[in-house]
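Working notes for the structure below.
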Amino acid sequence: MRLRRLIKTLGHYRSRADIGDLRVKGINCDSRRVAGDFIFVAIKGNKEDGHRFIKEAINKGARVIVTQGRYPLAKSSKGISFIEVADTRKALAELAASFYGRPSEKLKVVGITGTNGKTTISYLIEAILKEAHFNPGVIGTINYRFKNRVFAARNTTPGPLELQPMLARMRKEKVKYAVMEVSSHALEQERIAGISFHSAVFTNLTQDHLDYHLTLENYFRAKAKLFRGLKRDSFCVLNNDDTYGRRLKKLTKAGIITYGIGKGADIIAADIKLGVSQAEFTVKTKRGNLAVRTGLIGCHNVYNVLASVSWALKEGIKQQVIKSAVEKFCFVPGRLEKIACSQGFSVFVDYAHTEDALKNVITFLRQISIGRIIVVFGCGGERDKTKRPRMGRVVTTLADYAIITNDNPRSESPGKIVSAIRRGISKDNYRVILDRKRAIEQALSIAG
(Lines give C-alpha, C1' and ligand atoms only; values in the text may rest on other atoms or scores of the structure.)
Protein backbone atom coordinates (compact mmCIF):
# COMPACT_ATOMS: atom_id res chain seq x y z
CA MET A 1 0.00 0.00 0.00
CA ARG A 2 1.17 3.53 -0.79
CA LEU A 3 2.36 5.60 2.15
CA ARG A 4 0.24 8.68 1.45
CA ARG A 5 -2.93 6.60 1.49
CA LEU A 6 -1.85 4.67 4.56
CA ILE A 7 -1.08 7.63 6.80
CA LYS A 8 -4.47 9.23 6.15
CA THR A 9 -5.81 6.74 8.69
CA LEU A 10 -3.77 8.44 11.43
CA GLY A 11 -6.00 11.50 11.49
CA HIS A 12 -3.95 14.22 13.16
CA TYR A 13 -0.19 13.85 12.67
CA ARG A 14 2.83 16.00 11.96
CA SER A 15 5.45 15.22 9.36
CA ARG A 16 9.08 16.10 10.09
CA ALA A 17 10.17 15.44 6.50
CA ASP A 18 8.67 15.24 3.02
CA ILE A 19 6.25 12.33 2.71
CA GLY A 20 7.03 10.50 -0.50
CA ASP A 21 4.74 8.02 -2.21
CA LEU A 22 6.62 4.97 -0.95
CA ARG A 23 5.11 1.54 -1.51
CA VAL A 24 5.12 0.26 2.07
CA LYS A 25 6.09 -3.40 2.35
CA GLY A 26 5.43 -3.90 6.04
CA ILE A 27 4.88 -2.41 9.49
CA ASN A 28 6.50 -3.35 12.78
CA CYS A 29 7.24 -2.05 16.25
CA ASP A 30 10.13 -4.49 16.80
CA SER A 31 13.31 -3.16 15.20
CA ARG A 32 14.62 -6.72 14.86
CA ARG A 33 11.77 -7.59 12.49
CA VAL A 34 12.06 -4.57 10.24
CA ALA A 35 13.05 -4.98 6.57
CA GLY A 36 13.37 -2.75 3.53
CA ASP A 37 10.64 -0.14 2.92
CA PHE A 38 9.00 -0.81 6.28
CA ILE A 39 7.27 1.55 8.66
CA PHE A 40 8.77 1.36 12.15
CA VAL A 41 6.48 2.49 14.96
CA ALA A 42 8.34 3.46 18.13
CA ILE A 43 6.31 2.47 21.18
CA LYS A 44 7.01 3.34 24.80
CA GLY A 45 6.43 0.11 26.71
CA ASN A 46 6.59 -0.77 30.39
CA LYS A 47 10.13 -2.12 30.10
CA GLU A 48 11.54 -0.73 26.85
CA ASP A 49 11.17 2.47 24.81
CA GLY A 50 11.05 1.81 21.06
CA HIS A 51 12.51 5.26 20.37
CA ARG A 52 15.86 3.86 21.54
CA PHE A 53 15.87 1.48 18.57
CA ILE A 54 15.07 3.93 15.76
CA LYS A 55 18.64 3.89 14.41
CA GLU A 56 18.62 0.07 14.36
CA ALA A 57 15.29 0.10 12.46
CA ILE A 58 16.71 2.54 9.90
CA ASN A 59 19.80 0.35 9.46
CA LYS A 60 17.49 -2.61 8.82
CA GLY A 61 15.74 -0.73 6.01
CA ALA A 62 12.89 1.23 7.61
CA ARG A 63 11.97 4.23 5.47
CA VAL A 64 9.25 5.67 7.68
CA ILE A 65 9.50 6.23 11.44
CA VAL A 66 6.42 6.97 13.54
CA THR A 67 7.27 8.62 16.87
CA GLN A 68 5.33 9.72 19.91
CA GLY A 69 6.19 13.39 19.91
CA ARG A 70 9.32 14.91 18.42
CA TYR A 71 12.43 12.83 17.67
CA PRO A 72 15.60 14.96 17.94
CA LEU A 73 17.50 13.43 14.98
CA ALA A 74 14.63 13.62 12.48
CA LYS A 75 16.19 16.45 10.45
CA SER A 76 19.58 14.76 10.07
CA SER A 77 18.18 11.44 8.80
CA LYS A 78 18.15 11.88 5.04
CA GLY A 79 15.70 9.85 2.98
CA ILE A 80 13.70 8.89 6.06
CA SER A 81 10.16 10.16 6.67
CA PHE A 82 9.42 10.96 10.32
CA ILE A 83 5.81 11.19 11.44
CA GLU A 84 4.85 12.51 14.89
CA VAL A 85 1.64 11.33 16.56
CA ALA A 86 0.15 11.71 20.03
CA ASP A 87 -0.12 7.96 20.68
CA THR A 88 2.05 5.46 18.78
CA ARG A 89 0.12 2.45 20.15
CA LYS A 90 -3.06 3.73 18.55
CA ALA A 91 -1.16 4.67 15.39
CA LEU A 92 0.23 1.13 15.11
CA ALA A 93 -3.27 -0.36 15.37
CA GLU A 94 -4.74 2.04 12.79
CA LEU A 95 -1.85 1.54 10.36
CA ALA A 96 -2.09 -2.26 10.70
CA ALA A 97 -5.86 -2.15 10.10
CA SER A 98 -5.41 -0.14 6.90
CA PHE A 99 -2.40 -2.13 5.68
CA TYR A 100 -4.45 -5.35 5.86
CA GLY A 101 -7.52 -3.83 4.23
CA ARG A 102 -9.63 -3.07 7.33
CA PRO A 103 -10.95 -6.64 7.52
CA SER A 104 -13.23 -6.01 10.51
CA GLU A 105 -15.48 -3.88 8.29
CA LYS A 106 -16.22 -6.98 6.18
CA LEU A 107 -16.75 -9.29 9.21
CA LYS A 108 -19.16 -9.26 12.11
CA VAL A 109 -16.76 -8.86 15.03
CA VAL A 110 -18.22 -9.68 18.46
CA GLY A 111 -16.23 -8.32 21.43
CA ILE A 112 -16.61 -9.93 24.86
CA THR A 113 -15.21 -8.22 27.93
CA GLY A 114 -15.53 -8.34 31.74
CA THR A 115 -13.59 -9.92 34.59
CA ASN A 116 -15.08 -13.42 34.42
CA GLY A 117 -16.88 -15.49 31.81
CA LYS A 118 -15.29 -14.20 28.57
CA THR A 119 -13.92 -17.56 27.46
CA THR A 120 -17.08 -19.52 28.25
CA ILE A 121 -19.26 -17.02 26.40
CA SER A 122 -16.95 -17.09 23.37
CA TYR A 123 -17.29 -20.89 23.24
CA LEU A 124 -21.07 -20.70 23.62
CA ILE A 125 -21.55 -18.08 20.90
CA GLU A 126 -19.28 -20.14 18.66
CA ALA A 127 -21.45 -23.23 19.31
CA ILE A 128 -24.68 -21.30 18.58
CA LEU A 129 -23.27 -19.90 15.32
CA LYS A 130 -22.11 -23.35 14.22
CA GLU A 131 -25.56 -24.75 14.97
CA ALA A 132 -26.93 -21.95 12.77
CA HIS A 133 -24.60 -23.17 9.96
CA PHE A 134 -22.00 -20.42 10.18
CA ASN A 135 -18.23 -20.95 10.42
CA PRO A 136 -17.15 -18.48 13.12
CA GLY A 137 -13.62 -17.59 14.11
CA VAL A 138 -12.64 -17.25 17.79
CA ILE A 139 -9.81 -15.22 19.29
CA GLY A 140 -9.39 -15.83 23.02
CA THR A 141 -7.47 -16.98 26.07
CA ILE A 142 -7.23 -20.70 25.25
CA ASN A 143 -6.41 -20.40 21.54
CA TYR A 144 -7.26 -18.69 18.26
CA ARG A 145 -9.26 -20.84 15.81
CA PHE A 146 -11.28 -20.83 12.61
CA LYS A 147 -12.09 -23.26 9.78
CA ASN A 148 -10.77 -26.23 11.85
CA ARG A 149 -7.39 -24.54 12.34
CA VAL A 150 -6.09 -23.87 15.85
CA PHE A 151 -3.31 -21.43 16.75
CA ALA A 152 -1.59 -21.02 20.13
CA ALA A 153 -2.71 -17.94 22.08
CA ARG A 154 0.06 -15.77 23.53
CA ASN A 155 -2.38 -13.13 24.81
CA THR A 156 -6.13 -13.11 25.39
CA THR A 157 -6.30 -10.34 22.80
CA PRO A 158 -3.30 -10.30 20.44
CA GLY A 159 -1.54 -7.14 19.31
CA PRO A 160 -2.62 -5.46 16.05
CA LEU A 161 0.24 -6.92 13.99
CA GLU A 162 -1.09 -10.40 14.81
CA LEU A 163 -4.77 -9.53 15.07
CA GLN A 164 -5.30 -7.66 11.79
CA PRO A 165 -3.72 -10.28 9.48
CA MET A 166 -5.70 -12.97 11.31
CA LEU A 167 -8.95 -11.09 10.66
CA ALA A 168 -7.88 -10.55 7.05
CA ARG A 169 -7.32 -14.28 6.67
CA MET A 170 -10.74 -15.01 8.19
CA ARG A 171 -12.35 -12.63 5.71
CA LYS A 172 -10.50 -14.24 2.80
CA GLU A 173 -11.75 -17.67 3.89
CA LYS A 174 -15.39 -16.50 4.06
CA VAL A 175 -15.69 -16.44 7.84
CA LYS A 176 -18.68 -14.23 8.69
CA TYR A 177 -18.32 -13.85 12.47
CA ALA A 178 -15.18 -13.27 14.52
CA VAL A 179 -15.80 -13.74 18.26
CA MET A 180 -13.13 -12.00 20.37
CA GLU A 181 -12.28 -11.91 24.04
CA VAL A 182 -11.25 -8.32 24.69
CA SER A 183 -8.99 -7.81 27.72
CA SER A 184 -8.64 -4.59 29.68
CA HIS A 185 -4.94 -4.52 28.79
CA ALA A 186 -5.81 -4.67 25.08
CA LEU A 187 -8.28 -1.82 25.48
CA GLU A 188 -5.88 0.34 27.49
CA GLN A 189 -3.03 -0.34 25.05
CA GLU A 190 -5.18 0.46 21.99
CA ARG A 191 -4.67 -3.01 20.49
CA ILE A 192 -8.22 -2.99 19.10
CA ALA A 193 -8.13 0.51 17.62
CA GLY A 194 -9.03 0.13 13.96
CA ILE A 195 -11.54 -2.67 14.63
CA SER A 196 -15.17 -2.03 13.79
CA PHE A 197 -17.27 -4.04 16.26
CA HIS A 198 -20.63 -5.41 15.18
CA SER A 199 -21.61 -6.09 18.83
CA ALA A 200 -20.18 -6.42 22.32
CA VAL A 201 -20.95 -8.37 25.51
CA PHE A 202 -20.20 -7.29 29.09
CA THR A 203 -20.06 -9.99 31.79
CA ASN A 204 -19.19 -8.35 35.13
CA LEU A 205 -16.45 -6.43 36.86
CA THR A 206 -14.70 -7.46 40.07
CA GLN A 207 -11.20 -6.83 41.39
CA ASP A 208 -8.43 -7.94 39.04
CA HIS A 209 -5.38 -6.50 37.27
CA LEU A 210 -4.96 -3.68 39.81
CA ASP A 211 -1.20 -4.13 39.41
CA TYR A 212 -1.73 -2.56 36.00
CA HIS A 213 -4.81 -0.34 36.37
CA LEU A 214 -4.11 0.67 40.02
CA THR A 215 -7.79 1.31 40.86
CA LEU A 216 -11.08 -0.44 40.16
CA GLU A 217 -12.38 2.73 38.51
CA ASN A 218 -9.45 2.80 36.07
CA TYR A 219 -10.10 -0.87 35.35
CA PHE A 220 -13.74 -0.05 34.56
CA ARG A 221 -12.77 2.87 32.33
CA ALA A 222 -10.57 0.55 30.30
CA LYS A 223 -13.47 -1.91 29.85
CA ALA A 224 -15.83 0.96 29.00
CA LYS A 225 -13.68 1.93 25.99
CA LEU A 226 -15.15 -0.98 24.05
CA PHE A 227 -18.71 0.28 24.56
CA ARG A 228 -17.90 3.97 24.06
CA GLY A 229 -16.44 3.03 20.66
CA LEU A 230 -19.50 1.14 19.39
CA LYS A 231 -21.38 2.71 16.49
CA ARG A 232 -25.11 3.45 16.52
CA ASP A 233 -25.90 0.54 14.20
CA SER A 234 -24.18 -1.98 16.51
CA PHE A 235 -25.55 -3.45 19.75
CA CYS A 236 -24.32 -4.46 23.18
CA VAL A 237 -25.41 -7.09 25.70
CA LEU A 238 -25.06 -5.93 29.31
CA ASN A 239 -25.32 -7.71 32.67
CA ASN A 240 -28.08 -5.79 34.42
CA ASP A 241 -27.30 -7.41 37.78
CA ASP A 242 -23.82 -5.86 37.78
CA THR A 243 -23.38 -2.25 38.91
CA TYR A 244 -20.83 -1.57 36.19
CA GLY A 245 -23.04 -3.19 33.57
CA ARG A 246 -25.79 -0.72 34.43
CA ARG A 247 -23.31 2.18 34.22
CA LEU A 248 -22.41 1.21 30.66
CA LYS A 249 -25.96 1.96 29.50
CA LYS A 250 -25.20 5.68 29.69
CA LEU A 251 -21.82 5.41 27.96
CA THR A 252 -22.68 3.82 24.62
CA LYS A 253 -24.43 4.95 21.43
CA ALA A 254 -25.19 1.35 20.47
CA GLY A 255 -28.46 -0.50 20.88
CA ILE A 256 -28.76 -2.17 24.30
CA ILE A 257 -30.15 -5.48 25.49
CA THR A 258 -29.79 -6.44 29.16
CA TYR A 259 -29.78 -9.82 30.89
CA GLY A 260 -29.91 -10.94 34.50
CA ILE A 261 -31.45 -13.05 37.23
CA GLY A 262 -32.88 -10.10 39.12
CA LYS A 263 -35.71 -7.84 38.01
CA GLY A 264 -35.41 -5.14 35.39
CA ALA A 265 -33.49 -6.96 32.65
CA ASP A 266 -34.80 -7.46 29.12
CA ILE A 267 -33.96 -11.17 29.28
CA ILE A 268 -34.21 -13.02 32.61
CA ALA A 269 -33.26 -16.48 33.87
CA ALA A 270 -36.00 -17.87 36.14
CA ASP A 271 -36.87 -21.20 37.78
CA ILE A 272 -33.18 -22.04 38.13
CA LYS A 273 -32.26 -25.58 39.20
CA LEU A 274 -28.57 -26.30 39.79
CA GLY A 275 -27.11 -29.78 39.95
CA VAL A 276 -23.75 -31.52 39.97
CA SER A 277 -23.94 -32.40 36.28
CA GLN A 278 -26.31 -29.83 34.77
CA ALA A 279 -28.32 -26.65 35.26
CA GLU A 280 -31.90 -25.99 34.16
CA PHE A 281 -33.68 -22.65 33.86
CA THR A 282 -36.21 -20.70 31.83
CA VAL A 283 -35.11 -17.80 29.65
CA LYS A 284 -37.89 -15.23 29.84
CA THR A 285 -38.15 -12.70 27.01
CA LYS A 286 -40.77 -10.28 25.73
CA ARG A 287 -41.27 -12.62 22.77
CA GLY A 288 -41.83 -15.74 24.83
CA ASN A 289 -39.99 -18.18 27.05
CA LEU A 290 -37.28 -20.73 26.33
CA ALA A 291 -36.56 -23.73 28.58
CA VAL A 292 -32.83 -24.48 28.70
CA ARG A 293 -30.82 -27.39 30.06
CA THR A 294 -27.02 -27.07 30.10
CA GLY A 295 -24.06 -29.17 31.14
CA LEU A 296 -22.33 -26.00 32.37
CA ILE A 297 -22.85 -26.04 36.11
CA GLY A 298 -23.01 -23.28 38.71
CA CYS A 299 -24.86 -19.98 38.96
CA HIS A 300 -22.03 -18.11 37.24
CA ASN A 301 -22.59 -20.33 34.20
CA VAL A 302 -26.29 -19.46 34.21
CA TYR A 303 -25.11 -15.89 33.60
CA ASN A 304 -22.72 -17.04 30.88
CA VAL A 305 -25.42 -19.00 29.07
CA LEU A 306 -27.89 -16.14 29.51
CA ALA A 307 -25.44 -13.62 28.01
CA SER A 308 -24.85 -15.89 25.01
CA VAL A 309 -28.55 -16.57 24.49
CA SER A 310 -29.29 -12.84 24.75
CA TRP A 311 -26.69 -12.06 22.09
CA ALA A 312 -28.07 -14.76 19.79
CA LEU A 313 -31.67 -13.60 20.20
CA LYS A 314 -30.67 -10.01 19.44
CA GLU A 315 -28.78 -11.24 16.38
CA GLY A 316 -31.96 -12.89 15.13
CA ILE A 317 -30.98 -16.53 15.52
CA LYS A 318 -33.98 -18.83 15.96
CA GLN A 319 -34.84 -19.97 19.49
CA GLN A 320 -34.80 -23.65 18.59
CA VAL A 321 -31.31 -23.32 17.12
CA ILE A 322 -30.10 -21.57 20.29
CA LYS A 323 -31.69 -24.19 22.56
CA SER A 324 -30.19 -27.05 20.54
CA ALA A 325 -26.69 -25.53 20.59
CA VAL A 326 -26.73 -24.82 24.33
CA GLU A 327 -28.01 -28.28 25.22
CA LYS A 328 -25.46 -30.04 23.00
CA PHE A 329 -22.58 -28.00 24.41
CA CYS A 330 -20.50 -29.98 26.93
CA PHE A 331 -17.76 -27.94 28.61
CA VAL A 332 -15.04 -25.34 28.24
CA PRO A 333 -11.51 -26.61 28.96
CA GLY A 334 -10.50 -25.67 32.50
CA ARG A 335 -13.77 -23.91 33.35
CA LEU A 336 -15.31 -25.97 36.15
CA GLU A 337 -14.32 -28.95 34.04
CA LYS A 338 -15.22 -32.26 35.65
CA ILE A 339 -12.47 -34.87 35.51
CA ALA A 340 -13.67 -38.43 35.06
CA CYS A 341 -12.75 -40.63 38.04
CA SER A 342 -14.29 -43.56 39.89
CA GLN A 343 -12.86 -43.18 43.40
CA GLY A 344 -16.09 -41.99 44.99
CA PHE A 345 -15.34 -38.25 44.92
CA SER A 346 -15.54 -35.54 42.27
CA VAL A 347 -12.63 -33.61 40.78
CA PHE A 348 -13.01 -30.26 39.04
CA VAL A 349 -10.47 -28.03 37.33
CA ASP A 350 -11.27 -24.33 37.20
CA TYR A 351 -9.45 -21.27 35.90
CA ALA A 352 -10.62 -19.11 38.86
CA HIS A 353 -7.91 -16.54 39.50
CA THR A 354 -9.80 -13.84 41.38
CA GLU A 355 -11.48 -13.69 44.78
CA ASP A 356 -14.92 -13.42 43.16
CA ALA A 357 -14.38 -16.37 40.80
CA LEU A 358 -13.18 -18.60 43.66
CA LYS A 359 -16.15 -17.55 45.79
CA ASN A 360 -18.61 -18.40 42.98
CA VAL A 361 -17.12 -21.82 42.32
CA ILE A 362 -16.74 -22.94 45.97
CA THR A 363 -20.18 -21.58 46.96
CA PHE A 364 -21.80 -23.56 44.16
CA LEU A 365 -19.88 -26.75 45.00
CA ARG A 366 -20.93 -26.36 48.65
CA GLN A 367 -24.58 -26.37 47.56
CA ILE A 368 -24.26 -29.71 45.77
CA SER A 369 -21.60 -31.41 47.91
CA ILE A 370 -22.33 -33.95 50.63
CA GLY A 371 -18.69 -34.19 51.69
CA ARG A 372 -15.61 -32.05 52.17
CA ILE A 373 -14.32 -29.51 49.67
CA ILE A 374 -10.55 -29.50 49.18
CA VAL A 375 -9.04 -26.72 47.07
CA VAL A 376 -5.58 -26.60 45.49
CA PHE A 377 -4.77 -23.05 44.38
CA GLY A 378 -2.10 -20.39 43.98
CA CYS A 379 -1.61 -16.86 42.67
CA GLY A 380 0.32 -15.91 39.54
CA GLY A 381 3.50 -13.89 39.77
CA GLU A 382 3.83 -10.34 38.40
CA ARG A 383 0.08 -9.83 38.65
CA ASP A 384 -2.27 -7.97 41.00
CA LYS A 385 -0.72 -8.48 44.45
CA THR A 386 -3.66 -7.01 46.37
CA LYS A 387 -5.91 -9.95 45.49
CA ARG A 388 -3.58 -12.57 47.02
CA PRO A 389 -4.68 -12.27 50.68
CA ARG A 390 -8.30 -11.97 49.53
CA MET A 391 -8.02 -15.24 47.61
CA GLY A 392 -6.43 -16.91 50.62
CA ARG A 393 -9.23 -15.69 52.86
CA VAL A 394 -12.09 -16.77 50.59
CA VAL A 395 -10.70 -20.27 50.01
CA THR A 396 -9.97 -21.06 53.66
CA THR A 397 -13.31 -19.56 54.73
CA LEU A 398 -15.47 -21.43 52.22
CA ALA A 399 -13.57 -24.71 51.70
CA ASP A 400 -12.86 -27.39 54.29
CA TYR A 401 -9.17 -27.60 53.46
CA ALA A 402 -6.77 -25.77 51.14
CA ILE A 403 -3.37 -26.50 49.70
CA ILE A 404 -1.47 -23.44 48.53
CA THR A 405 0.88 -24.13 45.65
CA ASN A 406 2.70 -22.55 42.73
CA ASP A 407 0.67 -20.98 39.93
CA ASN A 408 3.14 -19.59 37.38
CA PRO A 409 5.29 -17.40 39.68
CA ARG A 410 7.13 -15.93 36.67
CA SER A 411 10.12 -13.97 38.01
CA GLU A 412 8.69 -13.56 41.53
CA SER A 413 9.75 -15.57 44.55
CA PRO A 414 7.16 -18.33 45.17
CA GLY A 415 7.75 -17.90 48.90
CA LYS A 416 6.81 -14.21 48.78
CA ILE A 417 3.65 -14.97 46.83
CA VAL A 418 2.63 -17.55 49.43
CA SER A 419 3.39 -15.10 52.27
CA ALA A 420 1.02 -12.58 50.67
CA ILE A 421 -1.71 -15.24 50.37
CA ARG A 422 -1.25 -16.26 54.03
CA ARG A 423 -1.73 -12.68 55.24
CA GLY A 424 -5.45 -13.00 54.48
CA ILE A 425 -5.88 -16.32 56.30
CA SER A 426 -7.06 -16.53 59.90
CA LYS A 427 -7.77 -20.28 60.06
CA ASP A 428 -5.44 -23.28 60.22
CA ASN A 429 -7.19 -25.47 57.62
CA TYR A 430 -4.43 -25.29 55.03
CA ARG A 431 -0.87 -26.23 54.20
CA VAL A 432 1.72 -25.07 51.67
CA ILE A 433 3.20 -27.43 49.05
CA LEU A 434 5.00 -25.43 46.38
CA ASP A 435 5.52 -28.41 44.06
CA ARG A 436 2.24 -28.39 42.14
CA LYS A 437 2.28 -32.09 41.25
CA ARG A 438 2.84 -33.02 44.91
CA ALA A 439 0.12 -30.60 45.97
CA ILE A 440 -2.42 -32.29 43.69
CA GLU A 441 -1.29 -35.73 44.85
CA GLN A 442 -1.74 -34.67 48.48
CA ALA A 443 -5.27 -33.33 47.79
CA LEU A 444 -6.25 -36.65 46.18
CA SER A 445 -4.71 -38.55 49.10
CA ILE A 446 -6.71 -36.49 51.60
CA ALA A 447 -9.88 -37.12 49.60
CA GLY A 448 -9.24 -40.83 50.10
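The values are calculated or read from the model by the stated rules, or taken from the named source; none is laboratory data. What you are looking at is a predicted structure, and each value in this text was computed from that prediction instead of being measured. Cβ placement follows ideal geometry from the backbone for every residue including glycine, while neighbour counts extend to all protein chains displayed. The accessibility values were calculated without ligands, DNA or RNA, using every heavy atom of the protein model including side chains. Shrake-Rupley method; radii C 1.70, N 1.55, O 1.52, S 1.80 Å.
Other residues lying with their Cβ under 13 Å from the Cβ of LEU313 contribute a combined charge of +4, Lys and Arg counting +1, Asp and Glu -1. Annotation: amide H-H contacts under 5 Å for ASP407 (H modelled 1.01 Å from N, sequence separation of 5 or more, or interchain): CYS379.
Most simply put, segment 177-317 has about 50% antiparallel DSSP beta bridges, counting only bridges with both residues inside it.
The smallest convex shape that holds all Cα atoms of segment 331-448, its convex hull, gives 105 Å³ per residue. Charge tally for ILE7 (other residues, Cβ to Cβ under 12 Å; Lys, Arg +1; Asp, Glu -1): +2.
With θ taken as phi - 60° and the Karplus curve 6.51 cos²θ - 1.76 cosθ + 1.60 applied, the whole-hertz 3J(HN,Hα) list for segment 331-336 is 6, 10, x, x, 10, 6 Hz, x standing for glycine and proline.
Remark: the Cα gyration tensor places segment 197-284 in the oblate category, a/c being 1.5 or greater and a/b not exceeding b/c.
Using a 1.4 angstrom probe with every protein chain in place, what is the largest-first accessible-area order of ILE421, ILE256?
Most to least solvent-accessible, the answer reads ILE256, ILE421.
Here the spin labels are modelled as points 7 Å beyond Cα on the Cα-Cβ line, and at ARG410 and HIS133 they lie 4.7 nm apart. Taking all protein chains as shown and a probe of 1.4 angstrom, GLU94 keeps an accessible surface of around 40 Å². Evaluated at q = 0.08, 0.13, 0.14 Å⁻¹, a Debye calculation over the C-alpha positions of the chain (equal weights, vacuum) places log10 I(q)/I(0) at -0.53, -1.20, -1.31.
Helix-only arithmetic for the chain: the sum of -39500 (n - 2.57) across DSSP H runs with n ≥ 4, divided by the residue total, places the mean residue ellipticity at 222 nm at -10000 deg cm²/dmol. Roughly what angle does helix 160-172 make with the longest principal axis of the chain, taking Cα atoms, 0 to 90 degrees, to the nearest 10? Taking the Cα atoms of the chain, the angle to 160-172 is about 80 degrees.
Annotation for LYS249 and MET1: the two label points, set 7 Å from Cα along the Cα-Cβ direction, are 3.9 nm apart. Counting only protein chain heavy atoms and rolling a 1.4 Å probe, the accessible areas of ILE373, ILE58 rank, largest first, as ILE58, ILE373.
Contour minus end-to-end for THR386 and ARG293, with contour as 0.36 nm per residue of separation and end-to-end as the Cα-Cα distance?
Numbers: separation 93, 0.36 × 93 = 33.48 nm, distance 3.77 nm.
The THR386-ARG293 span can extend by a further 29.7 nm.
Summing Lys and Arg as +1 and Asp and Glu as -1 over all other residues whose Cβ lies under 9 Å from the Cβ of LYS253 gives a net charge of +3. Only Cα pairs within less than 10 Å get springs; with that Gaussian network setup on the chain, which residue of ASP87, ASP356, ASP21 has the largest fluctuation? The residue that fluctuates most here is ASP21. Residue ranking by accessible heavy-atom surface, 1.4 Å probe, largest first, among TYR351, TYR13 comes out as TYR351, TYR13. Amide H contacts for LEU230 (H built 1.01 Å from N in the peptide plane; partners 5 or more residues away or on another chain; cut-off under 5 Å): LYS253. Rounded to the nearest 10 degrees, the inclination of helix 387-398 to the longest alpha-carbon principal axis of the chain is 20 degrees. Between segment 251-274 and segment 187-219, what is the C-alpha centre distance in whole Å? Centre-to-centre distance over Cα atoms comes out at 21 Å.
So if I take the alpha carbon set of segment 231-331, get Rg, then get Rh from the Kirkwood formula, what is the Rg over Rh ratio?
That ratio equals 0.97.
Note on ARG438 and ARG154: with the Förster distance fixed at 30 Å, the Cβ-Cβ geometry gives a FRET efficiency of about 0.55. On full extension, the segment bounded by ILE272 and LYS106 gains 55.8 nm, given 0.36 nm per residue less the C-alpha separation.
Ligands, DNA and RNA aside, VAL283 has an accessible area near 0 Å² when probed at 1.4 Å. Would segment 249-387 count as rounded, prolate or oblate if I go by the C-alpha gyration tensor, calling it rounded below 1.5 in a/c and otherwise prolate when a/b exceeds b/c, oblate otherwise? Taking the square roots of the gyration eigenvalues as a ≥ b ≥ c, segment 249-387 is oblate.
Axis angle, to the nearest 10 degrees, between helix 88-99 and the longest C-alpha principal axis of the chain: 80 degrees. Over every Cα atom in segment 221-269, the radius of gyration and the widest Cα-Cα span, Dmax, amount to 10.6, 29 Å.
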